[in-house]
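Asker: I'd like to ask some things about the structure below.
The values are calculated or read from the model by the stated rules, or taken from the named source; none is laboratory data. All of these numbers come straight from a predicted model, not from anything done at the bench. Positions of Cβ are backbone-derived with ideal geometry, glycine not excepted, and every protein chain shown enters the neighbour counts.
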Amino acid sequence: MHSFENVNKLEVLIDWLSFTTFSFSSPDDLLDYLGFSESDFTICNGSYGYKASLRHNIYPITILYNGNDNMGIHVNISGSGISVALDAYVNSLKEITPWGDYSVEYKEEGYLISYLCYLNECVKFTRIDLAMDDKGCNYFSVDDVQKICNDGRCATRFRVFRSERESSFGDCVTGNTLYIGKRSSDCFLRVYDKRLEQKTKMGNDVGYDWVRWELELKRDRAQSVVEHLLSGECLGSVAVGVLSNYFRVIICDDSNKTRCSTDPVWQKFVLGVGKLRLSVNRMVKTISEKKKWITKQCLPSIAAVCAYEHGDLSFILDYLNDALYKNSKSVLDMVFKENPLFMNI
C-alpha cells in the first residue's frame, strides 16, 4: 500500500481502487496496459453481472469482463494489491540502458500520482478508499468515537451509525468496528481497531494500539478524489479534508451543532486542514465528450454493419432525425444553439 507520513503522526494511504474502462477490446489488452502478465492471473467465474473474471494468483486484484455492452471491463484492487499494481506500472516504464541494465524515468510528482494520471486517460474511477492510520492511538480509540456518537458530540452529514464488536468463545475480543453512514451511499466511514484485525488475521500482535479511519468513496466522489490529487493536492490533505467535511467532533456550546466549537483533540487530529468538498459534476456532457463516447463505444459496431452492407449508411441516416429528439432537453438546447436552422428540419 502506498502511503505518506503526516506530521500529526497519521499515515494516509489508498487501500482500495476500482475503475471501469471501455477502451480495451479484451481483458488481455488491459492487462498489458497495466503492466501485468497473463500468467499472473487465473480465469474464474464472474460476479456483479459479469460472466467471467481474471483473478491474480496471489494478490487481491480482480478484472471482471464479459458483461453487457454498457458494462465495459471493471477492475477491483484492494489492500496489498495496490502496491503490486503500482510496481507493475513502474516496471512497465523501465527502459534498457546502453550498459545493459534498466532505468526508470524519475517522476517528480511520485509514482502514485503518475499511475492515477496514467489510468485517468482511459478509465472511470468508481471507488477509492482513503485510510488514515493512527498508530499508537494518539487521538481517539474506537470506543471514544462510539461514545462521541452516542452523546451527540459531533457535527456530521451522516445520519446513522452502528457498532460491531466481535469476540471468540474464549471471551477474547477479536474485532471492534464503528460504521458511520450507509454502505450504499457515495461516502461511508469505518473506524476500527486495526491492531485487533491484524492479530486475528495474521496471528501476531503488532505491539501497539492502532486505529484506522477509512473513507469509502464511490461513483462521482471517487472520481472527484482522483481529480483533486491530480490537481496537485497531497493525499493527506485530501483524505483529512474529506473527513472534515463529513464529520467533526465538537464541544456542545451552542444549540446549533454547526456553530459549536471544535473539540481541541479533533483539531489536532485534522491539523486544521480545511473542509474539502467533493463536487459532483451533474452537468450534461459536452458534444465533444459524446463524440469520444461514440468513437469508443459505437464505431466498431457501426463499422461492422457498414462493411456488411457494402458501405450503405441508409440504416443510420433513416433514423437520425427521430433519434435526435430522444435526447434530453439540455442536449437539444446545445444542438439548436449551435445550429438553429436544424430546428426546422
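Asker: Might you check whether a residue that is exposed (fewer than 14 other Cβ atoms within 10 Å of the Cβ), under 18 Å from M132 (Cα atoms) and out of contact with any Ser or Thr (no Cβ under 7 Å at 6 or more places or on another chain) occurs anywhere in the stretch 167-174?
Answerer: No, that holds for no residue.
Asker: Suppose we filter I77, I14 for residues that are in contact (Cβ under 8 Å) with a residue 60 or more places away in the chain, out of contact with any Pro (no Cβ under 9 Å at 6 or more places or on another chain), surrounded by 17 or more Cβ atoms within 10 Å (Cβ to Cβ) and under 22 Å from R219 (Cα atoms); which single one remains?
Answerer: On inspection, the qualifying residue turns out to be I14.
Asker: Across the stretch 55-74, what is the total count of residues that are crowded, with 19+ Cβ neighbours inside 10 Å and more than 20 Å from the chain's Cα centre (by Cα)?
Answerer: Number satisfying all stated conditions: 0.
For every residue, the table says whether it meets (1) at pLDDT 95 or above; (2) assigned to a loop (DSSP other than H, G, I, E, B).
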residue	(1), (2)
L17	yes, no
L30	yes, no
T42	yes, no
M71	yes, yes
V75	yes, no
I82	no, no
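Asker: Got a sec? Which of K135, K147 is surrounded by fewer than 20 Cβ atoms within 10 Å (Cβ to Cβ) and touching a residue at least 40 places away in the same chain (Cβ under 8 Å)?
Answerer: Matching residue, one of K135, K147: K135.
Asker: Considering only residues that are touching a helix residue (DSSP H, G or I) at 6+ places or on another chain (Cβ under 9 Å) and farther than 14 Å from A239 by Cα, look in the stretch 201-222 and name the one that is surrounded by the most Cβ atoms within 10 Å (Cβ to Cβ).
Answerer: V211
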